[in-house]
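Worksheet for the structure shown next.
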Amino acid sequence: AVVVGHLIDDPVFIQVAKKSIHAYLVCQELGLAFTDETIKQVKDDHHDLYNQFKTAVYLLLYGGNPYLMHMTNTKLFPTLKDAQTIQDKIYKVLPKLQAWQERIREQAKRECVLQSPYGYRHKFFDVYTFKRDEQGTIQYDGEGKPIIKLGADAKRALAFIPQNCAGGFARDNLVLLGQSKWADYMPPNVSVHDSYCLEVPDEMVEEAASFLVDILTRPVLELGNLRIGCEVETGRNWAAWSPDNPLGMK
């Protein structure tokens, strides 16, 4: 989400995404100030609304639509209208998102290729297509013009650049780790989704954590020196901390 905020050139998006874009949307909906306290409050007291925005954002950022929201999670979105309402609220609070998505799709349609800030290129040939009936006949509107709908590449076009940026950042992080003294402490699960794990002696925990923070919060040249935040957890085993597992990651 932080990367998307950079791509759409929205400083507010970047700022709130570093904390919780979902909680920010709930706060906007309820008229609450966006603070660390209210982030916890909306997660605890407005769980369903928070999950609605969370699910919708993850789908919407990469081309999902109300129909997909409804079909994949009928508990959160009992009707198509419920999903449409949430989408409209997100676009209203984050207007640059929709404009960027339309611009990217038009570019992919016009040039048949997109290039990420990391230099990777991806070709797209079916961003928009004609609406057809069950017999494959093109449908026309009241003015006799063919009806256009999103094609098979419509979602891929939106997802490519943010995903490629995240992947490029991750690969660079692993290279920096592998070139450091911490290469000797990289376990098999050194990279999990957007996390980086090291297994070090007790006396090296703080130094290792500091090194990881420096890597993960460094200015990213390819993204205009954007800084992406991180959190650090430590423990004697990889499981999450709990009263039943006091030595877990905390």
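The values are calculated or read from the model by the stated rules, or taken from the named source; none is laboratory data. Predicted model, so just to flag it, every value in this text is computed and none were measured. All Cβ positions, glycine included, derive from the backbone under ideal geometry; neighbour counts span all protein chains shown. Ligands, DNA and RNA are excluded from the accessible area calculation, which covers all protein heavy atoms including side chains. Shrake-Rupley method; radii C 1.70, N 1.55, O 1.52, S 1.80 Å.
Couple of notes before you dig in:
- Index of the failed condition, Ala209 passing every other in (1) assigned to a helix (DSSP H, G or I); (2) out of contact with any helix residue (DSSP H, G or I) (no Cβ under 7 Å at 6 or more places or on another chain); (3) open to solvent by 30 Å² or more (accessible area, probe 1.4 Å): (3)
- Cβ pairs under 8 Å, 6+ apart, first in segment 1-15 and more than 16 Å from Gln28 (Cβ to Cβ), second small (Gly, Ala, Ser) and not in a helix (DSSP H, G or I): Val2/Gly229; His6/Gly224
- Selection within segment 14-31 - over 12 Å from the mean Cα position of the chain (by Cα), open to solvent by less than 70 Å² (accessible area, probe 1.4 Å) and either closer than 21 Å to Trp100 by Cβ or not small (Gly, Ala, Ser) (or both): Val16, Tyr24, Leu25, Val26, Cys27
- Check on Gly119, exposed (fewer than 13 other Cβ atoms within 10 Å of the Cβ), in contact with a helix residue (DSSP H, G or I) (Cβ under 9 Å, 6 or more places away or on another chain) and not aromatic (Phe, Trp, Tyr): yes
- Any hit, segment 163-173, residues being more than 30 Å from Asp9 (Cβ to Cβ) and modelled with pLDDT under 95: no
Every residue, every condition in (1) charged (D, E, K, R); (2) within 27 Å of Asn164 (Cβ to Cβ); (3) under 19 Å from the mean Cα position of the chain (by Cα), yes or no:
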{"site": "Asp194", "(1), (2), (3)": "yes, yes, yes"}
{"site": "Glu203", "(1), (2), (3)": "yes, no, no"}
{"site": "Leu212", "(1), (2), (3)": "no, yes, no"}
{"site": "Thr217", "(1), (2), (3)": "no, yes, yes"}
{"site": "Leu226", "(1), (2), (3)": "no, yes, yes"}
{"site": "Glu231", "(1), (2), (3)": "yes, yes, yes"}
{"site": "Arg236", "(1), (2), (3)": "yes, no, no"}
{"site": "Ser242", "(1), (2), (3)": "no, no, no"}
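- Which numbered condition Lys149 misses (of (1) without any contact (Cβ under 8 Å) to a residue 24 or more places away in the chain; (2) in a loop (DSSP other than H, G, I, E, B); (3) of a type outside the set (A, V, I, L, M, F, W, C)): (2)
- Search result, residues across segment 140-176 that are open to solvent by 50 Å² or more (accessible area, probe 1.4 Å) and either among the polar types (S, T, N, Q) or in contact with a Gly (Cβ under 6 Å, 6 or more places away or on another chain) (or both): Lys155, Gln163
- In the set Glu222, Glu233, only one residue is of a type in the set (Asp, Glu), touching a residue at least 12 places away in the same chain (Cβ under 8 Å), assigned to a loop (DSSP other than H, G, I, E, B) and surrounded by 13 or more Cβ atoms within 10 Å (Cβ to Cβ); that residue is Glu233.
- When Ser242, Ser210 are checked against the criterion of being of a type in the set (Ser, Thr, Tyr) and in contact with a Gly (Cβ under 8 Å, 6 or more places away or on another chain), a single residue qualifies: Ser242.
- Hits in segment 121-146 (condition: touching a residue at least 12 places away in the same chain (Cβ under 8 Å) and either assigned to a helix (DSSP H, G or I) or aliphatic (A, V, I, L, M) (or both)): Val127
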